[in-house]
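These notes are about the structure you will find just below.
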Amino acid sequence: KHIEEATRSLASHQRATLVVFGGRAVVRRGLSSEPIEIEGELADTVFHRTALEEAKRRILEIERDLSGDGAQERLDEARQRLARIEAIEQEVGTGETNVREALRLARSVLPEDSMRRIVLFSDGNWTRDDPEAELSFLSRAGIVLDTRTIHRPKPAEVIAERLIAPGQVKIREPVELE
């Protein structure tokens, strides 16, 4: 939503690119004066955690009832989407956050002949490579850096005092728990 809003108001002479990052940074859309629309595979990249959980949930739903028309095709499609999302996570290295590499890559695609600005959407936590030196470089080069903090909702905590499960179950068979 924030990315789309920020790029909808681009003037005709302004251009934007999209760099996504985890442990590695990747350009997902090159410089363009067109607004960035977050949909399809780009949405799966930007919102990979949500997309991954959604894909897994969809596979489980379909596996519970394979008797309907087209169930196997829907299952195959859901598995293919899951594989695409897992490949995205592998490519970007979603287990880590390397803000320095993201800023370097973003800087490298900025044109030299215009005002240069980077908007960083992040939760503010970096896990690899201290970004301080790159931040200093951006400042000396006159590149404006705006930041937008992304707040991830904390998952609800669940506490169970007792859980009763059957002694034996079949693989992929739904199980009643008490």
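The values are calculated or read from the model by the stated rules, or taken from the named source; none is laboratory data. As the structure is a prediction and not an experimental result, all values here were calculated from the model. Cβ placement follows ideal geometry from the backbone for every residue including glycine, while neighbour counts extend to all protein chains displayed. Ligands, DNA and RNA are excluded from the accessible area calculation, which covers all protein heavy atoms including side chains. Shrake-Rupley method; radii C 1.70, N 1.55, O 1.52, S 1.80 Å.
Couple of notes before you dig in:
- Within segment 54-87, considering residues that are farther than 20 Å from E173 by Cα and not in a helix (DSSP H, G or I), the one modelled with the highest pLDDT: G70
Here is a yes/no grid of residues against (1) of a type outside the set (S, T, Y); (2) modelled with pLDDT under 85; (3) under 30 Å from S114 (Cβ atoms); (4) surrounded by fewer than 10 Cβ atoms within 10 Å (Cβ to Cβ):
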| residue | (1), (2), (3), (4) |
| --- | --- |
| S136 | no, no, yes, no |
| S139 | no, no, yes, no |
| G142 | yes, no, yes, yes |
| T149 | no, yes, yes, yes |
| P155 | yes, yes, no, yes |
| I159 | yes, yes, no, yes |
| I164 | yes, no, no, yes |
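- Subset of segment 43-53 (residues that are buried (at least 16 other Cβ atoms within 10 Å of the Cβ) and either modelled with pLDDT of 90 or more or closer than 19 Å to E173 by Cα (or both)): A51, L52
- Hey, G23 at positive phi, in contact (Cβ under 8 Å) with a residue 60 or more places away in the chain and not basic (K, R) or not: no
- Taken together, the criteria place L31 among residues that are of a type outside the set (S, T, Y) and assigned to a strand (DSSP E or B).
- Residues of segment 135-147 classified as assigned to a helix (DSSP H, G or I) and in contact (Cβ under 8 Å) with a residue 24 or more places away in the chain, total: 3
- Here G95 clears all of (1) out of contact with any Gly (no Cβ under 8 Å at 6 or more places or on another chain); (2) open to solvent by 60 Å² or more (accessible area, probe 1.4 Å) except the condition numbered (1).
- Whichever residue in segment 120-134 is of a type in the set (D, E, K, R) and either in a loop (DSSP other than H, G, I, E, B) or open to solvent by 100 Å² or more (accessible area, probe 1.4 Å) (or both) and, among such residues, is modelled with the highest pLDDT: E132
- Qualifying residue in segment 105-119 (condition: open to solvent by 90 Å² or more (accessible area, probe 1.4 Å) and assigned to a helix (DSSP H, G or I)): no
For every residue, the table says whether it meets (1) without any contact (Cβ under 8 Å) to a residue 12 or more places away in the chain; (2) more than 12 Å from the chain's Cα centre (by Cα).
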residue: F47; (1), (2): yes, no
residue: D65; (1), (2): yes, yes
residue: R74; (1), (2): no, yes
residue: E91; (1), (2): no, no
residue: R100; (1), (2): no, yes
residue: R104; (1), (2): no, yes
residue: R107; (1), (2): no, yes
residue: E112; (1), (2): yes, yes
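- Out of T7, T17, sole residue that is part of a strand (DSSP E or B), in contact (Cβ under 8 Å) with a residue 24 or more places away in the chain and not hydrophobic (A, V, I, L, M, F, W, C): T17
Per-residue answers, yes or no, for (1) closer than 23 Å to I150 by Cβ; (2) of a type outside the set (D, E, K, R); (3) open to solvent by less than 30 Å² (accessible area, probe 1.4 Å); (4) out of contact with any helix residue (DSSP H, G or I) (no Cβ under 7 Å at 6 or more places or on another chain):
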site	(1), (2), (3), (4)
R8	yes, no, no, yes
R57	yes, no, no, yes
E61	no, no, no, yes
D69	no, no, no, yes
I85	yes, yes, yes, no
